[in-house]
1. Quick one: how many residues across segment 140-150 are in a helix (DSSP H, G or I) and open to solvent by less than 50 Å² (accessible area, probe 1.4 Å)?
2. List, please: which pairs have Cβ atoms under 8 Å, are six or more places apart or on different chains, and start with a residue in segment 58-83 that is without any contact (Cβ under 8 Å) to a residue 60 or more places away in the chain and end with one that is open to solvent by 50 Å² or more (accessible area, probe 1.4 Å) and part of a helix (DSSP H, G or I)?
3. For segment 86-105, which residues satisfy the criterion of being assigned to a loop (DSSP other than H, G, I, E, B), surrounded by 14 or more Cβ atoms within 10 Å (Cβ to Cβ) and of a type outside the set (A, V, I, L, M)?
4. Condition first: open to solvent by 50 Å² or more (accessible area, probe 1.4 Å) and part of a strand (DSSP E or B). Can you find one or more residues in segment 121-139 that meet it?
5. Need a quick list: strands (runs of 3 or more DSSP E) entirely within segment 1-85 having at least 3 residues that are open to solvent by less than 80 Å² (accessible area, probe 1.4 Å) and under 17 Å from Ile106 (Cβ atoms).
6. Is there a residue in segment 35-54 that is within 22 Å of Ile138 (Cα to Cα) and among the acidic types (Asp, Glu)?
Amino acid sequence: MEKIYDFKALTSKGKELDFAQFEGKVLLIVNTASKCGFTPQFAGLEALNQKYKDKGLVVIGFPCNQFASQDPGSDSEIEGFCQLNYGVTFQIMKKINVNGNDAHPIFKYLKSQTKGLLGSAIKWNFTKFLVSKDGETIKRYAPTTKPEKLEKDIESML
């Protein structure tokens, strides 16, 4: 059976990131956008990253331009925006699709493990997936769910 640790993805700098290295850690995977009404959630995601990274939380942002073209920039522009405007230090990945036939395999997997309001399809930017240390439990949160609302669940998984 597939697990999140079986996947690889490219960082915003084009380097391969093997998710096997995150076994034993809690993952918070988010599809992000830099021109969205929810973009200020980057600050909340970074706050969670700072608070829990030493306890085993790994936050990973996957930019996506599928929703109203709200992340049109290049990978380096997106990463620079996140760092400059929100002080993001967590990993920003290469821009991907999260829905459709060319959705990234990680998001195909995450969607197959959880259901949202529109079945498995991702509705909008800043859909969040919290993956337990063993990779077994995956919780999905709506774009409107503020990052700080995930704290209790993060703490219970750590």
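1. Final tally of qualifying residues: 2.
2. Val59/Lys53; Gly73/Phe81
3. Filtering segment 86-105 down to residues assigned to a loop (DSSP other than H, G, I, E, B) leaves 87-90, 94-95, 97-104.
This time we only want the ones that are surrounded by 14 or more Cβ atoms within 10 Å (Cβ to Cβ), so: 88, 90, 94-95, 97-99, 103-104.
Of everything in segment 86-105, those that are assigned to a loop (DSSP other than H, G, I, E, B), surrounded by 14 or more Cβ atoms within 10 Å (Cβ to Cβ) and of a type outside the set (A, V, I, L, M) turn out to be Phe90, Lys94, Lys95, Asn97, Asn99, His104.
4. Yes, segment 121-139 contains at least one residue that is open to solvent by 50 Å² or more (accessible area, probe 1.4 Å) and part of a strand (DSSP E or B).
5. Values: elements: 8-10, 16-18, 26-32, 57-63.
It comes to 26-32, 57-63.
6. Yes: one or more hits.
The values are calculated or read from the model by the stated rules, or taken from the named source; none is laboratory data. Computed from a prediction, not measured in an experiment: that's the story for all the values here. Neighbour counts run over all protein chains shown; Cβ positions are idealised from the backbone, glycine included. All accessible areas refer to the heavy atoms of the entire protein, side chains included, with ligands and DNA or RNA removed. Shrake-Rupley method; radii C 1.70, N 1.55, O 1.52, S 1.80 Å.
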